[in-house]
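To keep things clear, I will list the structure first and then write my remarks on it.
The values are calculated or read from the model by the stated rules, or taken from the named source; none is laboratory data. Keep in mind the model is a prediction, meaning the values are calculated, not measured. Don't worry about glycine lacking a Cβ; one is built from the backbone with ideal geometry, like all the others, and counts go over all protein chains shown.
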Amino acid sequence: MYIVNRSTRFLRGLLLSYGPQSVKRLFWDQEYSSGKWNFIDNTVGDCVYSALEKFANRGSILDLGCGPGNTATELDSATYSSYVGVDISEEALAKAARRSEESGRKDKNRFAQADLLLYEPAEQYDVVLFRESMYHVPVGKIKPILKKYSRYLKEDGVFIVRMYAVADGKPKYRPTKMLNLIAETYDVVERSQYRESGAAVIVFRPRRTEAKELCRLEIQRAQ
């Protein structure tokens with residue numbers, strides 16, 4: 001049974017990282033509509049919120065893989081001025097939009113249906129957030145995906161990645177590899193590991209030379 005369960009998890013992860021957009025959307029819609037993810041509806045006090053409150057600068061947040069809208073409704077409203085949540089699942093986004101309206105943030109929060117690997121933002125942000133969603137980025141695509149979204153960071157903007165990196169007191173291989181790859185490629189502002197939950201939060205930004213090059217490319221694109 002253990003081997004079957006492990007194989008099923010492996011195939012699921014493979015599908016959600018490498019599958020066609022239509023298949024991934026169908027898969028996630030089915031899981032959200034079935035109530036499988038209802039247990040995550042309340043994450044008040046999550047470790048990622050302190051980082052967001054510190055670095056959002058009462059500005060804008062792009063949440064890639066926003067799911068049912070926890071960040072959009074649980075984060076202190078005074079922390080940010082605008083929020084865009086992106087998810088491939090229409091079911092998740094419908095729930096996120098409903099929760100935003102119920103919490104009085106309808107005018108502050110917006111949502112877009114898209115695969116985070118393909119989404120093209122329309123503006124720049126103070127924070128680009130990957131909350132658990134980095135799991136679904138193939139390791140070989142982490143650098144190009146982050147380089148792409150670096151163009152949509154404001155001058156002093158940061159990426160924030162939150163993921164479970166420790167289980168049963170031991171580092172999880174793939175998340176740890178992802179976090180180390182990020183640390184090798186970007187300037188890390190903060191990196192925290194939370195023992196009780198096993199979660200890790202890393203705050204980082206493009207290195208200065210790369211940031212200047214990205215700025216130059218943006219100017220060229222605008223001309």
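A few points about this structure:
- Only listed residue being closer than 23 Å to THR73 by Cα and modelled with pLDDT under 95, chosen from TYR119, TYR135, TYR125: TYR135
- Restricting the range 44-77 to residues that are hydroxyl-bearing (Ser, Thr, Tyr) and under 12 Å from LYS108 (Cβ atoms), the residue that is surrounded by the most Cβ atoms within 10 Å (Cβ to Cβ): THR73
- Every test in (1) on the phi > 0 side of the Ramachandran plot; (2) surrounded by 13 or more Cβ atoms within 10 Å (Cβ to Cβ) is passed by GLY169 save one, and that test is (2).
- Of the strands (runs of 3 or more DSSP E) lying entirely inside the range 52-164, the ones with 3 or more residues being among the charged types (D, E, K, R) are found at 153-164.
- Within the range 103-140, the set of residues being surrounded by 16 or more Cβ atoms within 10 Å (Cβ to Cβ) and over 15 Å from the mean Cα position of the chain (by Cα) comprises ARG105, ASN109, GLN124.
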